[in-house]
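So the structure is just underneath, and the comments pick up after that.
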Amino acid sequence: MPMTVIQWFPGHMAKAKREVQEKLKLIDVAFELLDARLPMSSRNPMIDDILGQKPRLILLNKADMADEAVTEQWIRYFHDQGRLALPIDAQSGTGVRQIAAAAKEMVKDKFEKMRAKGIKNPRPVRALIVGIPNVGKSTLINRLAGRHIAKTGDKPGVTKAQQWIKVGKEMELLDTPGILWPKFEDEDVGYKLAVTGAIKDEILNLQDVAVYALRFLSTHYPNRLAERYGLDDIPDDIVALFDTIGRRRGCLTSGGAVDYDKVADIVLYDIRTEKLGRLSFETPASRT
Ligand code: GDP
């Protein structure tokens, strides 16, 4: 699927919030989709305000690419805040089957009350997926639907009526997700989103993003970095690190100098395609 970048301005944010809140009126439970590799940076900063008291299930998507031990820490972190978080991989479907059961459990009390009022066969649980761009909303909708549902925004200017997608017998999902903005004000957040490919490469300087990524890897995953690029030790100096990787990988200009753009490209490509293994970019202790 092509990567979409939405330019967010205050007016757009207010509109997005309004749109999500309109959809909330139709549903019983919201699925807050986060990137398991950076659950805080991929979270909308106003999410508590936007969702209010609506029952919420947190889904840590792309868990297949995240450091498993760190994902466990996040699940505990959310649990301590009284929230259930499930790790999922919307692309392959791992963990997706647990969603409907968890959603049902969350709205048990509401449905019990419906039954107590004499409604014998309550309707299916109604759900909405919310999340920032590129977190995997469409992939999850398609996975839950068991078929391809056209992505909103695929056809500019065409707004289609919202529809319910049946997920088994007991759940219905709105076919258009709630699209929310990330926390832009924080430079760290921007870099993490860029490293994971969640925001378009043209927006930030690629060398800057690679500098951020290499500093992060040097601190948190030094062995993986050393192994991938055949480094005996990791230079503290970032230019020296670029130089070493560049020479190892043959990223040279015709004059024989290291081509830093090429090094940046390779490092980011390697991270995004898991050549450095499963990586998490923030832990509950380091959360942004
Ligand atoms: P949306 O903008 O939130 O609707 O995001 P998309 O559904 O378009 O997904 C963005 C990118 O992430 C696509 O390239 C997907 O294939 C990929 N993706 C989505 N879910 C997963 C997942 O669980 N694991 C992995 N590895 N990739 C995923």
FRET E, pair Q7, W164, Förster distance 30 Å, beta-carbon r, rounded to 0.05: 0.50
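Give me the 1.4 Å probe accessible area per residue for the range 42-189, excluding ligands and nucleic acids, in Å².
Working: 8020 Å² over 148 residues.
For the range 42-189, the per-residue accessible area is 54 Å².
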What is the percent of Cα-Cα separations in the range 209-277 that go past 21 Å? 14
Please work out, to two decimal places, the log10 of the ratio I(q)/I(0) at q = 0.07, 0.10, 0.14, 0.15 Å⁻¹ from a Debye calculation in which every Cα of the chain carries one identical scatterer. -0.30, -0.59, -1.03, -1.15
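Kirkwood Rh over Cα pairs of the range 177-251 into Stokes-Einstein at 25 °C, 0.890 mPa s: D in µm²/s?
On the way: Rh = 13.7 Å.
Answer from the Stokes-Einstein relation: 179 µm²/s.
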Can you give the extra length, in nm with one decimal, that the chain gains between K15 and D109 once fully stretched, where that is 0.36 nm per residue apart less the Cα-Cα distance? 30.7 nm
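Out of the total accessible area of the range 72-206 (probe 1.4 Å, heavy atoms of protein only), what percent is carbon and sulfur? Each step should come with its number before you reach the end.
Values: 3810 of 7630 Å².
Result for the range 72-206: 50 percent of the exposed heavy-atom area is carbon or sulfur.
Would you mind checking K15/K113; K110/K166; K54/K137 for any pair whose Cα atoms are more than 22 angstrom apart? All intermediate terms of the calculation are to be shown ahead of the outcome.
Numbers: K15/K113 34 Å; K110/K166 20 Å; K54/K137 19 Å.
Exceeds cut-off: K15/K113.
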Can you give me the solvent accessible area of I234 with a 1.4 Å probe, rounded to the nearest 10 Å²? 50
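Where Rh denotes the Kirkwood radius from the mean inverse Cα pair distance, what is Rg over Rh for the range 1-64? Can you show the working numbers first?
On the way: Rg = 12.9 Å, Rh = 13.2 Å.
Using Cα coordinates only, the ratio equals 0.98.
Quick one: length gained pulling E274 to E22 fully straight, 0.36 nm per residue minus the C-alpha distance?
Details: separation 252, 0.36 × 252 = 90.72 nm, distance 3.83 nm.
Additional length available on full extension: 86.9 nm.
Assign one of three labels to the range 68-204, namely rounded, prolate or oblate, based on the Cα gyration tensor with a ≥ b ≥ c the square roots of its eigenvalues; rounded applies when a/c is under 1.5, prolate when it is not and a/b is larger than b/c, and oblate otherwise.
Details: a/c = 2.16, a/b = 1.39, b/c = 1.55.
Oblate, because a/c is 1.5 or more while a/b does not exceed b/c.
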Ranking request for peptides 54-61, 179-186: highest mean number of other beta-carbon atoms within 10 Å first, then the rest in descending order. 54-61, 179-186
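The values are calculated or read from the model by the stated rules, or taken from the named source; none is laboratory data. Predicted model only: the values in this text are computed from it and were never measured. Methodologically, a virtual Cβ is constructed for each residue, glycine included, from the backbone with ideal geometry; neighbour enumeration extends over all protein chains shown. Side chains included, ligands, DNA and RNA excluded: accessible areas come from the protein's heavy atoms. Shrake-Rupley method; radii C 1.70, N 1.55, O 1.52, S 1.80 Å.
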